[in-house]
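Trainee: Can you read through this structure? Questions will come right after.
The values are calculated or read from the model by the stated rules, or taken from the named source; none is laboratory data. Computed from a predicted structure; not experimentally measured. Note that each Cβ is placed from the backbone with ideal geometry, even for glycine, and that neighbours are counted across all protein chains shown. Note: areas computed on protein heavy atoms with side chains; ligands, DNA, RNA excluded. Shrake-Rupley method; radii C 1.70, N 1.55, O 1.52, S 1.80 Å.
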Amino acid sequence: MKYIYPALIIKEKDGFIVRFPDLDDTFTDGNTLDEAYKNAEDVLNLMLWDKEEDNCVIPKPSSIDDIEVPENATIALIKADTLEYRKANDTKSIRKNVSIPSWLNTLATSKNINFSNLLQNALMRELGVDNK
């Protein structure tokens, strides 16, 4: 899923704090503004992925016009793409058992078919997921 959430970037004397008004449990920081933005994207992806995994209700992002911005803060829109984030970070392989007819196994084995690779490619094609 793709999301865009507003974040408050609060200037502190030794760096920046990033807080997401719509997600109480989602915040990060950075020594520099660039680091704060990168960490904001990372934590937003991670927290939304976690909520998706737990089938939690994900709140709609607020309009930036409805967010009170403190004097020492600025508002920024942070993007998250949890599918891309999962593909980059959830690379552990899991074992799945499948059943196929014996004749098909014999034919595929004789052609040196890699069953795992074939199943992964077929699932990605079926789900419309880019393999990159």
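Trainee: Of all residues in the stretch 1-35, how many are under 22 Å from Leu83 (Cα atoms) and not in a strand (DSSP E or B)?
Mentor: So the count comes out to 6.
Trainee: So, one more: Only one of these conditions is not met by Val43: (1) out of contact with any Ser or Thr (no Cβ under 9 Å at 6 or more places or on another chain); (2) open to solvent by less than 90 Å² (accessible area, probe 1.4 Å); (3) β-branched (Val, Ile, Thr). Which number is it?
Mentor: (1)
Trainee: Further, regarding this structure: Does Asp29 satisfy the criteria of being modelled with pLDDT under 95 and of a type in the set (Asp, Glu)?
Mentor: The answer is no for Asp29.
Trainee: Output the residues belonging to the stretch 55-77 that are touching a helix residue (DSSP H, G or I) at 6+ places or on another chain (Cβ under 9 Å) and closer than 21 Å to Asp34 by Cβ.
Mentor: Ile75, Ala76, Leu77
Trainee: Can you find a residue that is more than 13 Å from Ile4 (Cα to Cα), touching a strand residue (DSSP E or B) at 6+ places or on another chain (Cβ under 6 Å) and of a type outside the set (Ser, Thr, Tyr) anywhere in the stretch 70-81?
Mentor: yes
Trainee: Let me ask another. Just checking, does the stretch 71-83 include any residue being modelled with pLDDT under 95 and either farther than 12 Å from Ile9 by Cα or of a type in the set (Asp, Glu) (or both)?
Mentor: Within the stretch 71-83, one or more residues are modelled with pLDDT under 95 and either farther than 12 Å from Ile9 by Cα or of a type in the set (Asp, Glu) (or both).
Trainee: Within the stretch 51-74, track down each residue that is assigned to a strand (DSSP E or B) and open to solvent by 50 Å² or more (accessible area, probe 1.4 Å).
Mentor: If the condition is that a residue be assigned to a strand (DSSP E or B) and open to solvent by 50 Å² or more (accessible area, probe 1.4 Å), then Thr74 is the only one that fits.
Trainee: Also, quick follow-up: Pull up the stretch 14-34, narrow it to residues that are charged (D, E, K, R) and in contact with a strand residue (DSSP E or B) (Cβ under 8 Å, 6 or more places away or on another chain), then point me to the one that is most open to solvent (accessible area, probe 1.4 Å).
Mentor: Checked the stretch 14-34; the qualifying residue most open to solvent (accessible area, probe 1.4 Å) is Arg19.
Trainee: Continuing with this model, one more query. Of all the residues that make up the stretch 107-132, how many are surrounded by 10 or more Cβ atoms within 10 Å (Cβ to Cβ), in a helix (DSSP H, G or I) and of a type in the set (S, T, N, Q)?
Mentor: 4
Trainee: Pick from the stretch 75-106 the residues that are assigned to a loop (DSSP other than H, G, I, E, B) and of a type in the set (A, V, I, L, M, F, W, C): which of them is least open to solvent (accessible area, probe 1.4 Å)?
Mentor: Ranking the candidates gives Ile100 first.
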